[in-house]
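Asks: Right, I'll just put the structure down here and ask away after.
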Amino acid sequence: MNIAIIKDGICKDSATFGNIETAKAFLERGVWDADSVVELPKGYGIGDSFDGATWTKAESPEVEEESETPISEAETLMLAITELYEGNLALQEEYAATMLAITELYEIMLGD
């Protein structure tokens with residue numbers, strides 16, 4: 001399921017989770033600087049507005065020509081990781097669970 005990460009009524013990011021409860025657990029742990037997480041309907045995404053009941057599309061920005069600037073090694077690695085996770089819900093859920101466990105362990109180490 002696609003999840004919208006909402007801050008000040010704007011979808012700031014999106015993520016894929018098996019259920020909304022896992023996304024809410026991430027939000028409660030402070031993984032995102034956000035107010036809420038909700039299911040993201042098809043056709044909406046980052047930059048679109050959500051007032052708690054209704055989605056509104058953001059105005060379309062002017063399309064800029066693609067840069068000829070070569071991407072860095074780190075960006076190449078991030079693209080490869082994204083492609084690996086894309087479409088593999090089981091792997092995404094495992095990653096999410098691992099990151100949540102790491103966050104909890106970190107909090108324990110800090111004594112929170």
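The values are calculated or read from the model by the stated rules, or taken from the named source; none is laboratory data. Given the structure is predicted, the values throughout are model-derived calculations rather than measurements. Here the Cβ is made from the backbone with ideal geometry for all residues, glycine too, and neighbour counts use every protein chain on show.
Asks: How about the stretch 1-52: which of its residues are under 11 Å from the mean Cα position of the chain (by Cα), outside any loop (DSSP other than H, G, I, E, B), among the small types (G, A, S) and modelled with pLDDT under 95?
Replies: Passing the criteria: S14, A15, A23.
Asks: Would you mind stating whether T69 is at pLDDT below 75, within 18 Å of the chain's Cα centre (by Cα) and loosely packed, with under 10 Cβ neighbours inside 10 Å?
Replies: no
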